[in-house]
Structures are given as structure tokens and as C-alpha cells.
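Report on the structure given below.
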Amino acid sequence: MAAFSPDVKAPAEARLSVTPGEDGDHPTFCRLCEAFCGMIATVEGGVVTKVTPDRANPHSRGHICVKGPAIADITYDPDRVLRPLKRIGAPGEFVQVGWDEALDDIGQRMKAILDADGPDAIAAYFGNPGAFSTDTFMGVQWFLARLGSRKFYTAGSQDSTSRHLASYVTYGVAFRNSIPDLPNNDFLIILGANPLVSHGGLLTAPRLRHDLDAIAARGRVVVIDPRRTETAERYEHVPIQPDSDTWLLAAMLSTIIEERLADEDFLRANVTGWETLFARLRGFPIDAAAARTGIAADDIRNLTRDFVRADRAALYSRVGICRGRFSTLANFFVDAINIAAGKFGRVGGSVFGVFPFGVGAELLQGYGILESRLGNVPVIGGMVPAGVLTSDILEPGKGRTRAMILVAGNPMLSAPGVDRYAEAFEALDLFISCDLYVTESNRHADYVLPAATFLEKPDMPVLGISHMPLPFLQYSAAAIEKRGEARDEMDIFSAIAARMGLGSISPVAEARPLDLLDQALRAGPMRHVLGEAEALSIEVLARHPHGIMLDVPLTYEGWRAHIETEDNQLRLWHPIIASEFDRWDQERATPAASGLRLFSQRKLKSLNSWMHNPEKLVRSQSPALLIHPKDASARNIASGDQVSVASKHASVEVRALVTDTVIPGSVCYPHGWGHNGGWLNANRQEGANINRLLGDGLEVMEPASGVTFIDGLPVEVTRCGPEIPGV
Ligand SMILES: Nc1nc2c(c(=O)[nH]1)N[C@H]1C(S)=C(S)[C@@H](COP(=O)(O)OP(=O)(O)OC[C@H]3O[C@@H](n4cnc5c(=O)[nH]c(N)nc54)[C@H](O)[C@@H]3O)O[C@H]1N2
Ligand SMILES: Nc1nc2c(c(=O)[nH]1)N[C@H]1C(S)=C(S)[C@@H](COP(=O)(O)OP(=O)(O)OC[C@H]3O[C@@H](n4cnc5c(=O)[nH]c(N)nc54)[C@H](O)[C@@H]3O)O[C@H]1N2
Ligand code: SF4
Ligand SMILES: [Mo]
């Protein structure tokens, strides 16, 4: 391919190695975010000395961001946990122990809890990085399944359960999400996402900026966001008040209805419930939507008309609309707009990706309610919301969580319930964590078990495959052997299960997660993609270490094969939506609360609550509360002032930065700061744990999806004093 310089490729191929630890250039891919960029890990003397972009990767074609190479800093970080640690005193006081000693004790104590109180006394909190490692996410879920525990707490309630519940409603499958067909799209509306920084959520396109530039050149990219983000700055920005998207989207739908813009042929042939939805939205007051959102009524109407009339248009949304008070409804409206406007399943529109696996779809369905002493807790795609975790540990009664498994998560900085975690974690009978570091959360654990970094593991980009506008697959071997005594989660949980007398945790004899993926690939529909006379498999992929483009179209007309509703029609009405509408009607009858609204920010060099130890990532970071000049002057606040941010639950002190990049009436601060773990450089960084403001329990989450109310949280901001020098 012309895009790759043969000068670059030839010597690299000559040094290519796929044997862990062997000297040479190891093609691998980044597993820090959903872009899964191709990288080359150069190994010399058994050590990764350099991580560079893989220009021969046909998907990312040389794109990486600053975080990718920092995985080497993490892998060789002197603060990394490399041996099992056992707690001997106060939180954070550990000694190193051998694996056998740790596993014997854990197995015996976990068995005693299981025998006494049953499987639901054992819970896991599964965090974001775990989702990028097949071994990790399957290892933990297989272990819980073997126990029979339903307590799978995850970070999903901080970013996506409302999205998944909406998918369950419309498609009958919680993990089915439609993606914008970027290469063929000419008009993209981005709502509540900042892909130039996040590199995409539920959308895997490592060259997203190039894709968006090309769409803007062909047509329009409109970014609706309370902040003039990096993405909004580059394209067209429509500022919106936080937590008001439900109003905007209802107004857009109502414009489609009133102006008879809907694709009624498509609706009649493929959709149920749309008449009920239309009846409910007919006459929706667009002027009231304008007042709530801050977007003029005519602008809403014009944007809707332009969108519907554009031939190849899609509405894409992400985290920014997933954590409001009515975020299930907002996500449902997004799909409803794509469907009603005739953009779903169309070239250049909003479509399903490809599914290269022959089995496994049945695992993705899921919606349920966990009836417990805490109330009815929604469980979306098997995920229990983090907002009830501390209560589940602290409230006495049947089903109480007594043992906790924390894998690749740091809820004390990333979840609600911050101020109760210390008490809750200390109240556990057993608390184990698999992590790379001692963190704010697992410093309360009985054992911290050393996990492996992705340079030390083989894998495939499983999470991303169905979200790729340009479908791609890669199998990467480990670049190096595991450092110290680090282990895969699959091995850790297999060993614990064995000591509990439970046998293998694998659903198929002794098969490991990648073995089952291999079988699923072989059974899948991707035969002969390479012109090879065999099905796709890990063996085939291993022969192409930079990965291969799957030269297959996205799921356009074929979408019906991937939905699971009773009648195999798209569903635009459902009892869940009816009750969310009722709740929203009540809210609309009350005037909007006064005061400021807090929303979140992601930064290029930061990843949720971690990667704050490598100096090259943190040295230019300085978390600050963004506040508009109007709101700042009304409170006598100047840039650099210490300010107090108070919600009805708690208050924190942070530094202010006055800027017109945020919409008046709102303030913005990144999460994941305020460190106090074993990552010594992170501990030295400025910043507060903003999630203290979120509160805890059922009342801080959306009742339908369990998603935490994060964006649009009412707060008051007051000046404490000028910046304290040196702080
Ligand atoms: N206010 C606010 N809160 C938010 C958000 C927000 O925008 N605003 N965003 C939310 C989102 S989108 C998410 S996904 C959650 C994230 O929150 P969590 O899921 O709790 O994840 P992280 O904070 O990223 O913590 C990840 C932990 O995994 C460890 N780790 C890293 N790599 C590995 C590995 O390979 N193996 C193992 N075993 N451990 C590893 C890290 O050391 C760290 O301790 O936070 C959410 N919280
Ligand atoms: N550099 C970096 N990349 C990351 C991460 C990271 O921490 N750092 N985290 C990864 C994770 S776990 C995830 S889930 C993805 C998320 O990927 P994205 O969803 O693209 O990430 P965000 O930057 O949180 O984008 C959310 C946008 O919504 C806006 N917003 C906030 N409230 C509202 C609202 O009420 N309405 C509207 N319309 N917009 C709103 C915010 O200003 C922000 O620009 O990113 C991933 N990539
Ligand atoms: S964009 Fe994401 S996948 Fe690519 S290098 Fe950066 S962190 Fe890694
Ligand atoms: Mo996330």
C-alpha cells in the first residue's frame, strides 16, 4: 500500500519477533482505550526499550497518542506491584508473601464465606482496563459464574448502562450499539462525546480525526457539548446546558413528527411502537426545550431539517448523555431519531458493525432486576450499579456482601460513594484486588495480587470489533514475559477456585478464554477473508502480526439478524420507556433548579483515575475547575483562586480557571484526582476527588439503568481565597 514507506517497513520486518522476550520488534496493539492502536514494542535484552507506532498496522496506520508508549513506563514503574502483598496493619501497610501462602488463605476464607452465606456474599468490582483484556474479563466472570454470584459491580454505571438499556429496548440486546458509518458519512452530529481526546467510545476508529476531517470536507460535523471541546473547536460547535439532552432530542423528534419528515415506509415495515412514541411527543413544546438547552428553537428545527435531508447522515452520542437524570430516555431518543429519519442501516448512516464470531451473542442480551434488601436494583448486561456497593457491604441482612474482589478498578476515585468506601472496605471479611499498583481503593484490601500489563499478555481487540467502521482483527502475542510474579487473572481465579474445591472455572473443560475465542472465530462468518482456504482463526491471524482488515461491509440491510426482539422488529416503545416518560413528565412540570451544573472532562494525558504516575504524562497536567467569566465575576472568582465546590452531598476545594469555553451556568472538572495510594508521583499531583460530590445509594442513580448522576449535578461554587503558593 502506498501509504506505508517501504524504507520503514523493510528493516522492521527483518527484526520482527512474536516470541515473548526475544530481542526484536514485537507488533502489538495498545489496550488503554477503545482505539486499539497498533504499536511496535522493541525488546532488547528481554526488556521493552521503546514503544513506537506500528506504521504497518493497516487499521491505525501509524496513529498513536501520548499514552500508548507510556505503557512501558507503567510496566517498569518502580511503584508497580510485582509480588503478592498481604495487609498487616493500617490501610496501605503490606508485606510481600508467596503466591501459595496468599492463595491458600484466600481460598480457605472465601470458601468459608460461600458455605456460610451463599454466593451473593461474594462480589466483584470490575474496572475499565479489565474490559480490554480478554483473559481478565472472562476470568472474573467465569469465576463469579462458578460461584453462582450475581454481584458483578462494574464501571458501567459510570459510563454506559443507560446506553445499554436503550439498546436492550430498541434492539433486544443490551450490548448492541449502532455506530456511524464514518467512511461513507457526510453529516455527523456528535452529542456528548469528545473523540479527538477520548479516541472514541463504543466506536473504534483509531484515525478518527482523519475520518472527521474528511466528513467535514464533504459535509458537516456538528458537536453539541456544554464545553467548546477540542472536537467542537475543530468543527461546528452548538453549546448546550448539561443534562438537557432529553429536551433537545425530544424537540428534534417532535420536529420530525410535526413536519412529516419521518421515513414512514421504513417505520411501517420494520418498527413497532413508533405510533405510540409519536403520539407522546406530538406537540412537544420546542420553546421549553430551547429554554432548557440554551439552543434557540429555530436552530433546533433547522439542524433537524438539515440532518433529515442529508443523504448520508448519522447522530452519534456517548458518555456526555449517559449520566444525566433521564439518560436512558436520551439514548433511546438518539436511536429513535436515527431510525425515524431513515438513517439506520443505511450506507453512511448509523449501522451495526460486523460480528466475526459464530457464537457468543446470547451472552450479550441481558436486562434484569436484582431484588435485594436495598430495593430493586437494575442489572444491565449483567452489570450491577456501583452506586449500591457500599450499602451492600454496610447494610446488614440477607445477601450482604462479605467478600470483595476488585479487579482493574479504583472506585474510590471513579465511582459514587467515595466517603463511605473506607468504612465499607474495612467492614469486609475478605477483600482482594488484582492491580498493577496499590491504589486509593485497594490499600484497604487484605491482599493485592500483581496483575500483568498488556505488553505481557497475548490478546485480540475483542471489545472493539463490532464498533469498527472499518472492521479489523489482530492477534498479538505477549511482547515480554510477565515481570516479577505477575499473573493473568484467569490463572489467579482458577487457582482460587481450585483451592475452594470448585474445579475448573472454564465453561468448556479446561479451555482458556482465547481458546474459546478461537473456536468462535472458526465457527463465524468470516471465512476466506484472506483468500485462505480455511476459516478465520488465531492461527491465521498470527501469520499477519500487524493485523488484517476484514474486507467485509458493515451490517446495512442485514441488521435484522442481530436483533433479539420477540417479533424481530425494532422497538420504539416499551414499558421501561413508558415509565421513564412518566418520570420525565413530572420533572418537566417543575421549574429548572437554579445554580451551577457540574460536568466532567477527559484529558489527553490522563486515563480515568490512573496513569498519573509516569512523569512524562503528569508534568503538564493541572486539574482546574473551568468556570465562565460571567459566573466567575458574579462570585468574585479569578483564575488561580481556590474555590469550594459544594453539592448537597459534600464539598471539595479546587483551583479555578476562568474561561469562556464552558457554557454560562455550568462548571467542569476532571475526575480521578486526589491520590493517596502506592503511586508516589501521583500522590504529589494537585487535584481533588470530585466524585465525593456525587453522593451514594439508589437515590443518586437513574432508577431504570442504575447509571450514576454525574453530568449536570447541581453545585454551588464559592471563593475560598487566592491561590496558595506551592500547592
Ligand atoms: N466524575 C466522573 N467520574 C467518572 C467518569 C467521569 O467522566 N466523571 N468516568 C467514568 C468512566 S467512563 C469509567 S470507565 C470509570 C473508570 O473507573 P474504574 O473502572 O474504577 O477504572 P480506573 O479509574 O481507570 O482504574 C483502573 C485501575 O486498574 C488498574 N489497571 C490498569 N491496567 C490494568 C491491568 O491491565 N490489569 C489490572 N488488573 N489492573 C489494571 C489501574 O492501576 C487502576 O487502579 O470512571 C468513571 N468515573
Ligand atoms: N484521554 C483519555 N481518553 C479516554 C479516557 C480518558 O480518561 N482519557 N477514558 C476512556 C473511557 S473509559 C471512555 S468511557 C471514553 C469516553 O469517550 P467520550 O464520551 O468521547 O469522552 P468524554 O471526553 O467524556 O466526552 C463526553 C463529552 O460530553 C460532554 N458533556 C458532559 N455533559 C454533557 C451533557 O449533559 N450533554 C452533552 N451533550 N454533552 C455533555 C463533555 O463536555 C465531553 O466533551 O473515553 C475513553 N478515552
Ligand atoms: S489512542 Fe488509545 S489505543 Fe491509541 S495509543 Fe492512545 S491510548 Fe492507546
Ligand atoms: Mo468509561
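The values are calculated or read from the model by the stated rules, or taken from the named source; none is laboratory data. Worth saying up front: this structure is predicted, and the values here are computed from it rather than measured. Please note: Cβ atoms are built from the backbone with ideal geometry, for glycine as well, and neighbour counts cover all protein chains shown.
A count restricted to region 603-630 and to residues that are acidic (Asp, Glu) and either in a loop (DSSP other than H, G, I, E, B) or under 23 Å from the mean Cα position of the chain (by Cα) (or both) stands at 0.
Where the second residue is modelled with pLDDT under 90 and buried (at least 18 other Cβ atoms within 10 Å of the Cβ) and the first is within 15 Å of GLY348 (Cβ to Cβ) and lies in region 554-568, which pairs have Cβ atoms under 8 Å and are six or more apart or on separate chains? Taking only residues 6 or more apart or on different chains, the pairs are THR555/PHE355. From the list THR661, THR590, the lone residue that is more than 16 Å from ligand 1 (Cβ to nearest atom) and under 26 Å from the mean Cα position of the chain (by Cα) is THR661. Of the set (1) under 19 Å from VAL222 (Cα atoms); (2) more than 16 Å from ligand 3 (Cβ to nearest atom); (3) in contact with a Gly (Cβ under 6 Å, 6 or more places away or on another chain), all apply to GLY324 but (1). Scanning region 325-353 for residues that are touching a strand residue (DSSP E or B) at 6+ places or on another chain (Cβ under 7 Å) and of a type in the set (Gly, Ala, Ser) yields GLY345, GLY349, SER350, GLY353.
The single residue among ALA403, ALA408 that is within 16 Å of ligand 3 (Cβ to nearest atom) and more than 30 Å from LEU188 (Cα to Cα) turns out to be ALA408.
Among the criteria (1) free of Cβ contacts under 8 Å to residues at least 60 places away in the same chain; (2) closer than 27 Å to ALA155 by Cβ, the one ASN681 does not fulfil is (1). Please verify whether SER506 is in a helix (DSSP H, G or I), more than 16 Å from ligand 1 (Cβ to nearest atom) and out of contact with any Pro (no Cβ under 6 Å at 6 or more places or on another chain), treating the condition exactly as stated. Against the criterion (in a helix (DSSP H, G or I), more than 16 Å from ligand 1 (Cβ to nearest atom) and out of contact with any Pro (no Cβ under 6 Å at 6 or more places or on another chain)), SER506 does not qualify.
Mind listing whichever residues of region 683-699 are surrounded by fewer than 22 Cβ atoms within 10 Å (Cβ to Cβ), outside any helix (DSSP H, G or I) and charged (D, E, K, R)? Selection gives ARG684, GLU686. Being in a loop (DSSP other than H, G, I, E, B), among the hydrophobic types (A, V, I, L, M, F, W, C) and more than 30 Å from PRO385 (Cα to Cα) is the requirement here; does ALA638 meet it? So ALA638 passes the test. Just wondering, is there one or more residues in region 457-479 that are within 30 Å of ASP104 (Cβ to Cβ) and near ligand 1 (Cβ under 9 Å from one of its atoms)? Scanning region 457-479, I find at least one residue that is within 30 Å of ASP104 (Cβ to Cβ) and near ligand 1 (Cβ under 9 Å from one of its atoms), so the answer is yes. Out of ARG312, ARG282, ARG323, one residue alone is touching a residue at least 12 places away in the same chain (Cβ under 8 Å) and buried (at least 20 other Cβ atoms within 10 Å of the Cβ). It is ARG323. One residue stands out among those in region 137-166 that are of a type in the set (Gly, Ala, Ser) and within 16 Å of ligand 4 (Cβ to nearest atom): the one that is nearest to TRP573 (Cα to Cα), which is SER162.
Could you look through region 178-193, keep only residues that are surrounded by 24 or more Cβ atoms within 10 Å (Cβ to Cβ) and of a type in the set (S, T, N, Q), and pick out the one that is nearest to ligand 1 (Cβ to nearest atom)? My answer is SER178.
Per the listing GLY397, GLY342, GLY409, the residue uniquely assigned to a loop (DSSP other than H, G, I, E, B), in contact (Cβ under 8 Å) with a residue 60 or more places away in the chain and under 18 Å from SER149 (Cβ atoms) is GLY409. Please tell me if SER167 is small (Gly, Ala, Ser) and within 16 Å of ligand 1 (Cβ to nearest atom). No, not satisfied.
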